[in-house]
Amino acid sequence: MDAEITLRVDGEEHRLTVDTRTTILDALRERIGNTSPKKGCDHGQCGACTVLLDGRRVNSCLTFAVAHDGAEVTTSEGLAENGELHPMHRSFIEHDGYQCGYCTPGQIVSAVGMLEEVGNGWPSHATENVSAEGNAGLSDDEIRERMSGNLCRCAAYANIVPAIQYAAEHGEGVERGGNA
Amino acid sequence: MKPYRYERSEDVSGTISTIAEEPEGAFLAGGTNIVDLMKLGVMSPDMLVDVRRLTPDDVEETEDGGVRIGAAVTNSDLAAERTIRSRYPAISEALLSGASAQLRNMATTGGNLLQRTRCVYFQDTTTPCNKREPGSGCSAIEGHNKNHAILGASEHCVATHPSDMAVAMTALDAFVVTHGPDGERRIPIEELHRLPGSEPERDTILEHGELITAVELPPTAFFSNSKYRKVRERASYAFALVSVAAAMDVEDGVIRDVRIALGGVAHKPWRATKAEEALRGEPVSEANFRAAAEIELEDAEPLSGNAYKIPLARNVIVRTLSDLSEEGR
Amino acid sequence: MTATQAPGKAVGAPISRVEGGLKVRGAATYAYEHRLHEPVYLYPLQSTIANGRVTKIDASRAEAEPGVVVVLTHENAPKLASTDDKELAILQSGDIGFRGQFIGAVIADTFETARYAASLVEIEYDENEPDADFRADRDDLYTPEQLNAGFETDTSVGDADGAFDSAAHKLAATYTTPREHNNPMEPHATIAVWDEDELTLYESTQGVFWTQKTLAPLFGLDAGKVHVISPHVGGGFGSKGLPHANVVLAAMGAMLVPERPVKFALTRHMMFTVAGYRTPTIQRVRLAADENGKLSAVSNDVVEQTSKIKEFAEQTATSARMMYDSPNIKTTHRLAALDVSVPSWLRAPGEAPGIFALECAMDELAIECGLDPVEFRIMNEPENDPESGLPFSSRGLVECLREGAERFGWNGRHPTPRSERDGRWLVGSGVASSVYPVYSMGGNAATVRANSDGKYEVEIGAADIGTGTWTVLGQIAADELGVPFEDVEMKIGDTTLPNASGAGGSSGITSWGSTVVEAVRSLREKIEADHGGNIPEEGVEATAKMPKNPHSGDFAMYAFGAHFVEARVDEDTGEVRVPRMTSVFAAGNIMNAKTARSQFMGGMVMGLSAALHEESVLDTRFGHVVNHDLAEYHIPTNADVGEMDVSWIEEDDPYVNPMGSKGIGEIGIVGSAAAVANAVYHATGVRVRELPITPDKLIS
């Protein structure tokens, strides 16, 4: 069964007819031609498909497009502005926060979404005391836990953590969460 | 995945009447579980009714001083909610130990309660499973059952309930508010989920078309001294082997009141009432915690691959209560 | 680090990956992402029995589904020109050799339709009881003729049994490693297009020419008629080395819809059925030492699994033949052939499980001898290769052990298990050695072109599966040319380029790099001889084949390493955390300090993963892996990985290849699981010999 929807992807509006069974991930990859988010498991178990959906990081593989008519979707491709790489992009390159590159766009989108969550004062499993006032800060352990929804079989994790720390510290326009 | 019709209604009663007429219809909220199961062919609804915009997505104080959580509040919003963090920290901790940040951004309070089991045979349509296909048999009893139930299982099903949040809410006396074809009801969360018995296909007591609209928490003061401890096979992004949610009211070294619930051990979040009973009025001591845990686990019946859960549950109960008794002083 | 490198200084520099800008944006094109006109989508039918045959396929409901183009079964499948390889010769009959075997496919105009229609195909079977029970006490174990990579099945030097019986100190223990699945993040994917008698494959592969040479004879084609394109590969770890049946199925499907691109990506679940995996092993290890701790016997008797339809015999015990000095060394390999899918390569096949067992046993015997595990290894360091008697071209193990001990803070470690705690955490440390052979693979050629603007192009059909090939071959070429790195453009991953071996056995840089160096030398000679030392206006190019290594046969060539691990075990729950790993490698000249560090680290973490997480659980009643997704088959998350201290020693080895480099893709995984297991023992006093070390094995 088909439905007409509009998705705003990386700032550009797309009207399309989708099968109700089509996920945002497949709509992006097979219909719109945006293959920045990847299909690693198609079941919300790896994070390679992470996009910002109306500003929040989600697994686009578990999201029916039909249920998100009018939504704003940001992929890693869309983080680049006017051909300029985003500070998180540059930091991943510099810190070699990837090898095969397949989980990477999802990691980067996730990192950008994560910093905003930290900035909003959201706690994590790594936060010592969830009841405490104030912000959890951005320790390496906080990053590790908050980025655990993005699997990397090449295991670039120990480079991803400093890549995110660096971008948070130095990246212009990157939200610096926390008071650490 | 079977083709399905997507519907969205403007109000709760409209939604309920829409789905009441469609026996193979289901609700769609965050989608994190149902989309997964539809892809696997485990669930094949003809129609999905999108309820994300239908129920409240905020947390408000109730007249009795407790809180009401709208069913559409996402797991991440609920975990970050100030009131929850300060007055019911076990719920925040449980949510934060579940799934991943991405999934928590999608999953809702109502949907979280209705997660289906992670039993590998339930999830695999090529193997027998009484929960998925009543009467086909249980593959787990003689199969891979390391993650399965030690309490309250039946010869028909040994699956466990996967939610972390529900375990914390069970410990903290939550009520689940529903709207259904027969009107509104307020169900103690302990009664929401079922033991498998001879009908493992039914996870909960909810009727077809009955929609969870809210979860209510009581104003119990000592719930601010609560916590959630989850044991899993990796440091993050994994389902519980065993988890414990507990709250404790301690005065002068004596346990005035206590709540304990276990996750990963049964077909439902397991309220450890026997252990609670044994502890009320007793002095705080590791020996008492241990004795109470052992009373609760007396009835445990391990399968071929999950006997480890008995000492594990015991140890985690003891540790969680010990931590609470120190923090609660 | 991306700043211009001075000419001749690119090799070794920490240059960022040249394709980085594409990868971070998600603009690097992986197999499934090539945009072709009007593609169709293939979804496979897989056997739900492990042994028997298909008796009936009713595809009528599927065919009636709008959007379905064709249903492929053994009844209408193209006949293959060669059916020798039973893993690849799918749909040639209704016979079924393992659960999950391809028995057909639906091709439709959308993925959603293909997937749904596949569920509508009704299949009937004649089923036999499957035999999938892997045990060491089976009475039908057999001796393979040879092992993977051509190694001898059994070896014996001296009298290991006799020496063991009479030894002052001895250790006999059985170690087991489970089935493990490669699970690269990018599932195996293909877009296949037939045009007349030519097949084009956009493929996720570790070797475009390996795919070409495997596929062409199946379809009765000259190799040149199969064009394989694979510029970027989302990981492989061995599973994308030898082509699997998914490529054949896509090509067959495409044959039914000429000129239309057929897209087929395995789902994550399918990755556990048809894409290869590491065989489970049961290793009976015996070590003996004299009263001083000098080894007198080393033996490893291995039982492992293969498939009835095709043999794969992992070379599990080969490292025991050369690792330590002992006058008596014996190794054997026996196989159980079962109704299961075909095992294959997974990062360091042989060494990874074999060294796990050997290095745990070394830890156990060191304790038995009352010796420090580091010193025990050092005192058993051989002068020459115990297996061949040849000298080592270089052997840096002792230096790695010493350097690693220093960096880790090993010295002063309390030898008694369970002697350190931090709150409820029991804290321990462990060490293990690592080794990996220096392989090179034949058949390589490269073309180097000089343009008059001073830029150079280097062409070779090599692969980059995250290994840094795009970058590192450019560095090697630039230095050999004596030009800045930025002036060299690489072309890889396509069978229109000169022939190349694949990414396997950590042989890539040795094979491709040697060839590129040779091609550059040819070019320089040509410029000198034909053009008076100047590059002509129209440019000039030269092609060369990989030279034979004049030192091969004179030396035993291996890379070595040492891992040091801190493990913390929760006393109440048995949860294990590894807050830090220190590894030091002796791997010759390091080509790129940045990408090499990443590759070592990735291997170390995969070993950590093997130690604590990975296990494909096979249900013998059904014959399939039941935890077949990434929620149940655990690989480490970011939170599972702590501080990684990765370094290497300076090692000048002029014999291995012109660059002086050794392969580094696999050595990181070798031994790291043993170091974790040894650290868990030191923390808890509990010796777990069956991987993975999950909480249930430590809880009491």
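Some points to look at:
- Criterion applied to A:His86, A:His95 was being touching a helix residue (DSSP H, G or I) at 6+ places or on another chain (Cβ under 6 Å) and open to solvent by less than 40 Å² (accessible area, probe 1.4 Å), and the one residue passing it is A:His86.
Quick grid of which residues meet (1) buried (at least 24 other Cβ atoms within 10 Å of the Cβ); (2) not in a helix (DSSP H, G or I); (3) not assigned by TED's automatic domain parsing to the domain that holds C:Asp301:
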position: C:Pro327; (1), (2), (3): no, yes, no
position: C:Pro349; (1), (2), (3): yes, yes, no
position: C:Ile355; (1), (2), (3): yes, no, no
position: C:Met362; (1), (2), (3): yes, no, no
position: C:Ala366; (1), (2), (3): yes, no, no
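Listed here are the residues, each with its yes/no results for (1) touching a residue at least 40 places away in the same chain (Cβ under 8 Å); (2) more than 26 Å from C:Asn51 (Cα to Cα); (3) part of a strand (DSSP E or B).
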{"position": "C:Ala275", "(1), (2), (3)": "yes, no, no"}
{"position": "C:Arg286", "(1), (2), (3)": "yes, yes, yes"}
{"position": "C:Asn300", "(1), (2), (3)": "yes, yes, yes"}
{"position": "C:Glu304", "(1), (2), (3)": "no, no, yes"}
{"position": "C:Phe312", "(1), (2), (3)": "yes, no, no"}
{"position": "C:Ser319", "(1), (2), (3)": "yes, yes, no"}
{"position": "C:Arg334", "(1), (2), (3)": "yes, no, yes"}
{"position": "C:Val340", "(1), (2), (3)": "yes, no, no"}
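- Qualifying residues in the stretch C:185-205 (those that are in a loop (DSSP other than H, G, I, E, B) and in contact with a Leu (Cβ under 9 Å, 6 or more places away or on another chain)) - the one nearest to the other protein chains (Cβ to nearest Cβ): C:Met185
- Test for C:Gly671: is it closer than 23 Å to C:Pro187 by Cα and either touching a Lys or Arg at 6+ places or on another chain (Cβ under 7 Å) or crowded, with 22+ Cβ neighbours inside 10 Å (or both): no
- Count of the stretch B:46-74 residues which are more than 11 Å from chain A (Cβ to nearest Cβ) and open to solvent by less than 40 Å² (accessible area, probe 1.4 Å): 12
- Of the strands (runs of 3 or more DSSP E) lying entirely inside the stretch C:1-86, the ones with 3 or more residues being within 13 Å of chain A (Cβ to nearest Cβ) are found at C:40-46.
- Residue count for the stretch C:156-183, restricted to those that are polar (S, T, N, Q) and crowded, with 18+ Cβ neighbours inside 10 Å: 3
- Within the stretch B:298-314, if we keep just the residues that are assigned to a helix (DSSP H, G or I) and either under 21 Å from the mean Cα position of the chain (by Cα) or crowded, with 24+ Cβ neighbours inside 10 Å (or both), the residue that is nearest to the other protein chains (Cβ to nearest Cβ) turns out to be B:Leu312.
- Conditions (1) open to solvent by less than 60 Å² (accessible area, probe 1.4 Å); (2) out of contact with any helix residue (DSSP H, G or I) (no Cβ under 6 Å at 6 or more places or on another chain); number of the one not met by B:Leu321: (2)
- Count of the stretch B:28-81 residues which are of a type in the set (D, E, K, R) and assigned to a loop (DSSP other than H, G, I, E, B): 8
- Count of residues meeting criterion [more than 8 Å from chain B (Cβ to nearest Cβ) and either open to solvent by less than 20 Å² (accessible area, probe 1.4 Å) or under 19 Å from the mean Cα position of the chain (by Cα) (or both)] in the stretch A:129-143: 6
- Flag if B:Ala99 is modelled with pLDDT of 95 or more and in contact with a helix residue (DSSP H, G or I) (Cβ under 7 Å, 6 or more places away or on another chain): no
- When restricted to residues that are surrounded by fewer than 19 Cβ atoms within 10 Å (Cβ to Cβ) and either aliphatic (A, V, I, L, M) or in contact with a helix residue (DSSP H, G or I) (Cβ under 6 Å, 6 or more places away or on another chain) (or both), the stretch A:33-55 contains 0.
- Note on the stretch A:103-128: residues that are more than 8 Å from every other protein chain (Cβ to nearest Cβ) and assigned to a loop (DSSP other than H, G, I, E, B) total 1.
- Residue in the stretch C:456-467 that is part of a strand (DSSP E or B), touching a residue at least 60 places away in the same chain (Cβ under 8 Å) and either open to solvent by less than 10 Å² (accessible area, probe 1.4 Å) or not acidic (Asp, Glu) (or both) present: yes
Each row is one residue, and each column tells you yes or no for (1) within 25 Å of B:Ile34 (Cβ to Cβ); (2) outside any helix (DSSP H, G or I); (3) within 9 Å of chain C (Cβ to nearest Cβ).
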position: A:Cys41; (1), (2), (3): yes, yes, yes
position: A:Gly44; (1), (2), (3): yes, yes, yes
position: A:Leu52; (1), (2), (3): yes, yes, no
position: A:Arg57; (1), (2), (3): yes, yes, no
position: A:Glu77; (1), (2), (3): no, no, yes
position: A:Arg90; (1), (2), (3): no, no, yes
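- Annotation: B:Ala287 fulfils all but one of (1) small (Gly, Ala, Ser); (2) in contact (Cβ under 8 Å) with a residue 40 or more places away in the chain; (3) away from chain A (no Cβ under 14 Å); the unmet one is (2).
- Test for C:Thr637: is it within 7 Å of another protein chain (Cβ to nearest Cβ), crowded, with 24+ Cβ neighbours inside 10 Å and without any contact (Cβ under 8 Å) to a residue 60 or more places away in the chain: yes
Yes/no matrix, rows are residues, columns are (1) under 24 Å from the mean Cα position of the chain (by Cα); (2) modelled with pLDDT of 95 or more; (3) under 30 Å from C:Asp554 (Cα atoms); (4) assigned by TED's automatic domain parsing to the domain that holds C:Ala361:
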| residue | (1), (2), (3), (4) |
| --- | --- |
| C:Gly428 | no, yes, no, yes |
| C:Ser433 | yes, yes, yes, yes |
| C:Asp453 | no, yes, no, no |
| C:Gly461 | yes, yes, yes, no |
| C:Trp470 | yes, yes, no, no |
| C:Leu473 | yes, yes, yes, no |
| C:Leu481 | no, yes, yes, no |
| C:Ala500 | yes, yes, yes, no |
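- Residues of the stretch C:399-429 that are part of a helix (DSSP H, G or I) and hydrophobic (A, V, I, L, M, F, W, C): C:Cys400, C:Leu401, C:Ala405, C:Phe408.
- You will find that of B:Asp203, B:Asp164, the residue that is modelled with pLDDT of 95 or more, acidic (Asp, Glu) and closer than 30 Å to C:Asp570 by Cα is B:Asp164 and no other.
- Test: residue in the stretch A:14-25 that is assigned to a helix (DSSP H, G or I), open to solvent by less than 20 Å² (accessible area, probe 1.4 Å) and either at positive phi or away from chain C (no Cβ under 12 Å) (or both): yes
- The single condition among (1) among the hydrophobic types (A, V, I, L, M, F, W, C); (2) in contact (Cβ under 8 Å) with a residue 40 or more places away in the chain; (3) within 14 Å of chain A (Cβ to nearest Cβ) that B:Ala235 does not satisfy is (2).
- Residue in the stretch C:614-623 that is over 30 Å from C:Asp479 (Cβ atoms), buried (at least 22 other Cβ atoms within 10 Å of the Cβ) and among the polar types (S, T, N, Q) present: no
The values are calculated or read from the model by the stated rules, or taken from the named source; none is laboratory data. Owing to the predicted nature of the structure, the values given are computational and were not obtained by experimental measurement. A quick note on method: Cβ atoms are made from the backbone with ideal geometry, for glycine too, and the neighbour counts reach across all protein chains shown. Surface accessibility is based on the protein's heavy atoms, side chains included, excluding ligands, DNA and RNA. Shrake-Rupley method; radii C 1.70, N 1.55, O 1.52, S 1.80 Å.
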